[in-house]
Each structure stands twice: as structure tokens, then as C-alpha cells.
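First comes the structure, then the notes that go with it.
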């Protein structure tokens, strides 16, 4: 026993030392960050001004965003011209090449940042659950997840390299300027990447060695560290795009003013951080769920089908858990965009890019429709859930009405003849669905209905046995009913009040939806304690349609991510860095909607083809697994992918 | 349950007959008319009534042993929605929106029909039967489909290429028009720079002469049917002072200059409106001035179509740059009048 404890202590110390070594470079570099990143080197394009460096050091400038004064510590943003010096090029549109490299890196980056968060949650569920068989299943699932992400991790790094080379070779002036401002941040980013890789490898390869007792908790703690590092990495990368959209910490000429925190903490940084974390999680869940769906559809045995049905369900549940708050985070981001620059907000939502937002609304609707459809299909694998199935048609109606309101464009696509027949740009009936008040109502109705579907799913094969079940049911029914009334009423009321008050109405609407989500699911959980089981959940006995719904969900996530990234980037119009550094390349125009849609589709297709390859690699090491599992636990559902 | 379903069935039958009657002229076309101001909710409400009615009808027919097959229920519902959108809603809905609604309806019907295995089997059975063609009758139907589908596709393609309309003129192509241009950070009018984010209408003032939006908001016309003036808030009252007097002056400028195009009801249907394509902006629509800051309107009026930003070009706007004809004060007063008359509040960011 004493020997065991000694071993544990040594393991902890060794792990601690490893973590310390990994994080040491980051800690030392923070000094540089605290001192403002030191002196910025002159950008390559402005080397001619190098002799004025000393003079510039004492010069003061005014922060374009924070309005504070600071000592000029960097060169002005280069004024580029259309030529091979600032924009070296192949006989092809450089912007499209960069778009492709960036998007692929982002897809993989999101995936590998999201999956460890899932692993952390699932591993934790495995540790705390009392049912030993379930604990093992959860642990195996978490391991399967991290294994998938490991190959994707290498690809992320490769794609990151490709992205940097693309920047350096095709946009040297711009990248030179950006790296002159973010020099210390970029170094810390690289060091964090080392720390992330090291932690990930220890976490993955130490899985078997640290599977019990205290060591398991340490293993679990490592997943927390892994995710903290991953999140900081993402936030640092977000600071670059935040700076490009809403620069701060520089003067009007783009000269760095010595405060690196101002450069990082721009107007849109935090909304972007929150939106991206949630988005990554939803996306990652979607991809893993699609993997499970693919394995389910290609499964040869009932055991495999059962396992992948369950895996898909867990991944889907996690994806949806993060999908639900995503529109609200997006709403906050847009609000901050409007507050930062009105013209940017209008370009996005009412102007040049507004058509893309209609496509986005459609994609969001598809996500929720697919989710609901999956939950309804999942009722099919529970005996006793038939009683709910006949009411699904009413949920379809409510959901679809909310969806139609949500996707109705304010300005419709029409021929001039139709325009004349309609007598104006706006339709007097449907035009009302095109403004924010109605759309807020629409999306909240959709989300509340999704919550209702989930409550039904939870109840599928159970009959509450609590003495107050009648009261509970009436209370829940009334609560949902009043929630719908409140949401719809506020949507109508929004037309009769000033815009600033109307914007505020989204708060009670969201509060209503979230009350349904948290309060009703919690109450439902309490009501179902000690509930009578009407029948078992027959994992694997779910329709193939449900799996196609999952694949659709994942594809819609991918497509939407590509779309929103494009919109966010395009809103700068002809600026590399908004109002600071102008894009003078021949590609400083906004693409047509059709071209953008094709490009996004190509990126989505490429990602899915490449991730299928990653999935296939994941199956290579697991070929013998079911046999081993059967040998160890006869009669139990074997878990595939026992490669470790 | 049966009583509720019977009542729903009766409602369904009456609603369907009424709809058909109105469309085919058996009863007056506006027997149940879409009420201005309530139309969006009325449409959803009507659809909900139909859904409830059809459910009741289906239930009753089922209990009488005359159940409508699932397949035909689904097809029938899609057909009904397309028919409703085409014939009930006026003015006509553009094809692109009907196509969108129709597609979503088909998805909805699929979700409904495939929500459980039993229904799904019933729904797809007729399709499978036709494809299997086990009987001569089904074989005939399958053959007809094989001929009809390519012919229909050919017909649609042909139709889409044939020049439409009088004199066989080819229709202008569809234009994805950007309605709200992105405004600049500031605009210069008559030598003075106005920052759009922070400038205020100097005539939106309370009796003390201070900018006060809450005060002016209380005096605008009531935003309901008929758009009634508030009691004791008549700008054309000779004694009207301050804000209301400014509204009156703005109104005079509007009727001297703007109403020819934007209409005396500010709905974009003035005398000359239909000479333009697109017709002028409709200020009574909740998506135009109600969504925008007062300074945005000030910028648009001052600079007109010529001053629209580069992105989103071409704009298809013949709005003159009114700074060439009106003073800054006159432009602010016109803007004030437009908000007063439509009953909308300008957007603010606080």
C-alpha cells in the first residue's frame, strides 16, 4: 500500500514537473507582454522610415478606440499599392487561396478545441457515475473522442503552417504589419501551442496508466488544463480578427501605442470569444455525432449499432446544449457590432450582406428542425413513447411557423413584374415577418419547441410516480403555454415601441426561453425520479432517418460556420484593418452571393472528405477491438475502438 | 375528445368552404378580409384554424371508417398551403417566397409523415406500389409517370426561356437590391459636418427647448388602424408651438416637395411613384424609417441617390440630393414630420 502511495506521489510530481516545463516558456514570455510587448520592429514595407525611429519613439498618439494617449511604439500601417511588391500572386485570386487555407484551418482548429471539452465532460460523467458498466462506457467514449481528435490535431497544425505560408507569400505587407503589432502575442500563441500539444499527448498516452483512483482524478484535471490552454489559444487568435474588425491600441495611422492589452481587448474581442467557444462546441459535437451516424449506418452487428446510436445521442445532446445559447451569443455580437460602428451593422444585417443573413437564418432553422426530428425519431427506440408520437404533428406546425417567420426576407427576391404587382418593395403582410421583432419571436418559438421535444423525449418510456404528478403536469403545460404567449405577444408589441426599447425586449423573450430550458427540464427531472419504466431504451433500434438527420445537422453546422466566417470577414469591405489599413489588392471587392455560396460549399466538401479520411484512420487501430471486448466481458455490449 | 374533434371538423369544413367561396366568387371576396395592422398574425391564425379543422375532419372520417390515406393527407396539405399562399394573400406573394414556403411545407409534411414507423410505412406504400408495379393498373401509372416527369421538366424549362408578357418582351432580370445602404460615419451638409452616430434633430424639442425624444414620442400619431392624432396634439392647430409647430412646417415642406413620389400617406405611392422602378420608399412599413436613426434619414434626404455609397452599386434610386434645394433646417423638419406622421420612433442606441 505504502509503495502504491509512493508511486502515486511520484506520478503526481512527475506530472506537475512536466506541466511546469510546458508552461514555463509561456510564464516567462508574459513578462514581455506585461511590459507592452517591447519595441515593435518597423514593418518591412516602411523600412525607408527606419532612420526616423528615434524621433517616433517620443511621439505621442491617440488610441482610435480607447481615446487614450500613448507613446508611439510602432510604424504606421503600410499604404499598399496594387502590384507584386505588396501583393505577390499566382495567376489566380490570392484571396480565394487564403480563404480556403483559413477556412480549413478553422474547421480543424474548432474541432480539436471542442473535442477535449467533450472528453472532459464525458470522462467526468464516467468518474462520478455509480454504475460501473456505464462508467466504463463513458470512459471508453471519451477515449474514442480524443483518439479521433488526435489525428485531426496534426492536420490542424499542418493547415496552420499552410495558412501562415499563404499569408507570408501572398499578403506580405499586411502580415508584416499585423505581426509587428502582435509580435509578443504570436510568440505566446506558439508557446501555448507547444503546451497544448504536450498536455494532449500526456493526456492521451497516459489514459491507461491513470485509470483508477487519484490518478484518474489527476488525469481528469489534465483535461481541464488542456481545455484552459486551448481556450486561451483560441482567444489569442480571436484578438487578431478582433483587431482587424475593430482596431484599438493604435493611432489613426495604425501606429502601435505600447499597450498590448488594448490591441488584444478590442470592442469585439469578448463577444467573438463567447460566440466562437459555443460555436466550436456545437460544431465539434455535430462532427462527432456525424461520425457516430456514419458508423451506425455502416454497422454490421446489432452491438455496433447500439454503441454508435448511443455515441451519436451523447454527441448530439452536447452539440444541442451549446447550440441553444448560440443565437443569443450571436445577438450580443451583432449588438456590439452596431454599437461599434453603425455602418458595419447595417452592412451586415440590412445592407450589402443582408442576403447572406437570410441564408444563415435558413441554416439555423435547419439545425433546429433536424434536432427536433432526431428527438422524435429517438422516441421510436423507447417502448411506451408511442403516446407522444401522435402529437408530433402539432409540434411540426408550431416549429415550421416559427421557422417561416424566421426566414422570411424583408426585401424579397422578385422580378420587376412581381414588384409592380406587389406595389412596392415590402409586402404588407409578409414584410412584417422580415424585421427583428418578428424574427426574435420566431427563433424563441423554435427553441422553446425544441425544449418541449426534449422534455417529451425525457419522458418517453417513463411514467412519473410522484404524488403531485397531476399538479406537475398541469403546471408544466401552463408554463409552456404562457411562455409561447409571452414570446409571441412581445414580438407583436415590438412593432409599437421605440427601437431602443424593442432591442431590450429580446431580454424577456430570451429569459422566457431559458426559463423553459432550465426550469422545465429540471422540474421534469424531479418528476421522473423513481418513475415507472414503461419499457427499455432499445439502443440501436432507431430509424436510419434519424442518422441522416444527424448528418444533415453536422453538414448544416459546417456550412453555416463557413458562411458566418465569410460574412464576418467581408464586413470590413475594402479594409485589411478597418479604417486603418486599406486593401489595395485587385480583390478588394465583395464577392457575389453565388460565388461565396459555391466557395463555402467547396470548403465544406473538402472538410468532410478529409475528415472522413481521419475517421477511417481512427477505425484502422480498432479492428480487433470487439473480439477483445467480448473475451473480457461476455454477454455485455462490447465497445469498439479498444486500441489503447 | 370526440366532441372537440367534431367541433374542429365543423370549423374545418366551414373554413374550407368559405375560402373556396371567396376565391371562386361564390361569396364576396372580402367576406373575411385581412385587417390592416393585424395581417401577419391573422395569416398565422387562419392557418392554425385550418390545421385544427383538418385534424378534426381526419379524425371524424377515420371514426366513420372513411379514413383518408396518409399519402393523400400529406399531398393534400402541401397542395392546400400552395393554394392558400397563391390565392388568399393579397397583394400577390413573389414566386421566390412562395417557393421557399412551399419547400418548407414539404419538409414539414415529411417530418410529420415520417415521425413514426407506422405512418411512414403508410405514407410511402403507394409510392413503392407504383414503383413495383405489381398490377397492370400500377404499371400503367408508372409508365405515365415515366413519360410525364421528363415532359413536365421539359415544359418548365421551355417556359422559363420563353419571353413573357405583352409584346413578348423579355423580363428584366431579378435584382438583389440592397435596401439599407451602410451610412458613412459623418456627412457634410451646407458646410457643416454631422456625425451620424451622435447628431440629433434640433427640432425634436420639449417646451423648454431641449432635445427630448420621450416628449415628442408622446405626441406622434397613434400607430393603429386609421393612424389617429393624439388628443391636443394637432400640428395644424394655430396655437401649436415647439415640436408640433416644427412638425407642421416639416409637413408643409413635405407636401411641397416630397409627396409627389412618397405619397400623401407616406406609403411610397405618390402621383409619380409608378413611373419608377422600384417605387419610392414606403415610410409606413415597419422596415424602413422605423429601423433607422433620424440622422440616417437626414443623410439620405440630403445626399439622395447620387450620394449612395460605392458598395452595393447600382442603387436604382432617383432621389434628388435635397441639400441642393432645401436648407439644413428644412431637412431636419421634414424628417421630424415623417416620423410624426407614420407614428414611428427613430432608432436610438442608448
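The values are calculated or read from the model by the stated rules, or taken from the named source; none is laboratory data. As the structure is a prediction and not an experimental result, all values here were calculated from the model. Glycine also receives a Cβ, built like all others from the backbone with ideal geometry; neighbour counts cover every protein chain displayed.
Computed values, structure above
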| item | result |
| --- | --- |
| Condition met for residue A:402 (crowded, with 19+ Cβ neighbours inside 10 Å, within 12 Å of chain B (Cβ to nearest Cβ) and either within 33 Å of the chain's Cα centre (by Cα) or modelled with pLDDT under 85 (or both)) | yes |
| Verdict on residue B:203 being surrounded by 12 or more Cβ atoms within 10 Å (Cβ to Cβ) and in a loop (DSSP other than H, G, I, E, B) | yes |
| In the range A:350-369, the residues that are in a helix (DSSP H, G or I) and free of Cβ contacts under 8 Å to residues at least 60 places away in the same chain | A:354, A:358, A:362, A:369 |
| Output for the range B:122-167, where each listed residue is in contact with a helix residue (DSSP H, G or I) (Cβ under 8 Å, 6 or more places away or on another chain), assigned to a helix (DSSP H, G or I) and more than 14 Å from chain A (Cβ to nearest Cβ) | B:125, B:126, B:127, B:129, B:130, B:131, B:132, B:138, B:141, B:142, B:145 |
| Residue A:469 being farther than 18 Å from residue A:518 by Cβ and either crowded, with 19+ Cβ neighbours inside 10 Å or modelled with pLDDT of 95 or more (or both) | no |
| Residue within the range B:318-335 that is within 14 Å of chain A (Cβ to nearest Cβ), within 20 Å of residue B:176 (Cα to Cα) and either part of a loop (DSSP other than H, G, I, E, B) or in contact (Cβ under 8 Å) with a residue 24 or more places away in the chain (or both) present | yes |
| Lone unmet requirement of (1) surrounded by fewer than 24 Cβ atoms within 10 Å (Cβ to Cβ); (2) more than 14 Å from chain B (Cβ to nearest Cβ); (3) in a helix (DSSP H, G or I) for residue A:300 | (3) |
| Qualifying residue in the range A:593-613 (condition: outside any helix (DSSP H, G or I), within 14 Å of chain B (Cβ to nearest Cβ) and modelled with pLDDT under 95) | no |
| Criterion violated by residue B:228 - all others in (1) modelled with pLDDT under 90; (2) exposed (fewer than 12 other Cβ atoms within 10 Å of the Cβ); (3) touching a helix residue (DSSP H, G or I) at 6+ places or on another chain (Cβ under 8 Å) satisfied | (3) |
| Selection within the range B:264-315 - touching a residue at least 40 places away in the same chain (Cβ under 8 Å), farther than 24 Å from residue A:429 by Cβ and at the interface with chain A (Cβ under 10 Å from one of its Cβ atoms) | B:293, B:295, B:296, B:309, B:311, B:312 |
| Subset of the range B:41-56 (residues that are under 21 Å from residue B:102 (Cβ atoms) and either facing chain A (nearest Cβ under 7 Å) or within 19 Å of the chain's Cα centre (by Cα) (or both)) | B:42, B:43, B:44, B:45, B:46, B:47, B:51 |
| Search result, residues across the range A:188-218 that are over 25 Å from the mean Cα position of the chain (by Cα), over 19 Å from residue A:154 (Cα atoms) and part of a helix (DSSP H, G or I) | A:213, A:214, A:215, A:216, A:217, A:218 |
| Restricting the range B:83-94 to residues that are at the interface with chain A (Cβ under 7 Å from one of its Cβ atoms) and buried (at least 16 other Cβ atoms within 10 Å of the Cβ), the residue that is nearest to residue B:33 (Cα to Cα) | B:89 |
| Complete set of residues in the range A:494-510 that are away from chain B (no Cβ under 14 Å) and either touching a helix residue (DSSP H, G or I) at 6+ places or on another chain (Cβ under 9 Å) or in contact (Cβ under 8 Å) with a residue 24 or more places away in the chain (or both) | A:506, A:508, A:509, A:510 |
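Conditions tested, residue by residue: (1) crowded, with 16+ Cβ neighbours inside 10 Å; (2) closer than 25 Å to residue A:412 by Cα; (3) more than 14 Å from chain A (Cβ to nearest Cβ).
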{"position": "B:187", "(1), (2), (3)": "yes, no, no"}
{"position": "B:214", "(1), (2), (3)": "no, no, no"}
{"position": "B:219", "(1), (2), (3)": "yes, no, no"}
{"position": "B:236", "(1), (2), (3)": "no, no, yes"}
{"position": "B:247", "(1), (2), (3)": "yes, no, yes"}
